Amino acid sequence: MAHLGTTFDPAAVQSDSGGFEPLPAGTYDLHVIDSEMKQTQTGGDMLVLTCEVITGPLTGRQVRLRLNIRNDNTQTQEIAHRELGKLCTATGTGAISDSVDLHFKPFRADVIITPARNGYGPGNDLRNCKPPGTTAAPAPTVRPQASRPTAVPSPAAPTAPSRPARPWGNGGGTQARAVENDPPF
């Protein structure tokens, strides 16, 4: 039992809208404000990093980065290690043994919207952690292909006389010498 030290009146508290609205997709300046290890349903370990937007009109909004750093699925674990490596590089921490080393060090990342699943609405995820101030790579430019002029026969150019079509259908190409009783192939 925990004594509150005061009387709490829920009627005195303004209720919120009751819903969670994910951050709009985009690139944000963030820092880690909290971290914890959680066990996954399959017995692995997930590092959960709570990140906070530190610039712009959405300053103070939070997004979580969940990294399965120990998992039976090697591909899942490799992806988590790559993402953690990018975060360590982006924050300038280098090798770490405690996630607290990542706290309050600015970085830039792309926030994506994840689809609704398992009874929860849409959420966010982080991708592409990079050092603060890094701009996104410019979009590749597509060069239009030069239009090739089409050959238009000149009205004054003489045309070759057409040859009768061959029975085997090659359209009267080069004429082989005709030999009597020679099969047409």
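Quick notes on this structure:
- Boolean, E78 is over 19 Å from T114 (Cα atoms), within 20 Å of the chain's Cα centre (by Cα) and either surrounded by fewer than 12 Cβ atoms within 10 Å (Cβ to Cβ) or at pLDDT 95 or above (or both): yes
- Among the residues of region 74-129, the one identified as free of Cβ contacts under 8 Å to residues at least 40 places away in the same chain, assigned to a helix (DSSP H, G or I) and of a type in the set (K, R) is R82.
- In region 35-47, the residue that is nearest to N71 (Cα to Cα) out of those that are in a strand (DSSP E or B) and touching a helix residue (DSSP H, G or I) at 6+ places or on another chain (Cβ under 9 Å) is M46.
The values are calculated or read from the model by the stated rules, or taken from the named source; none is laboratory data. Computed from a predicted structure; not experimentally measured. Positions of Cβ are backbone-derived with ideal geometry, glycine not excepted, and every protein chain shown enters the neighbour counts.
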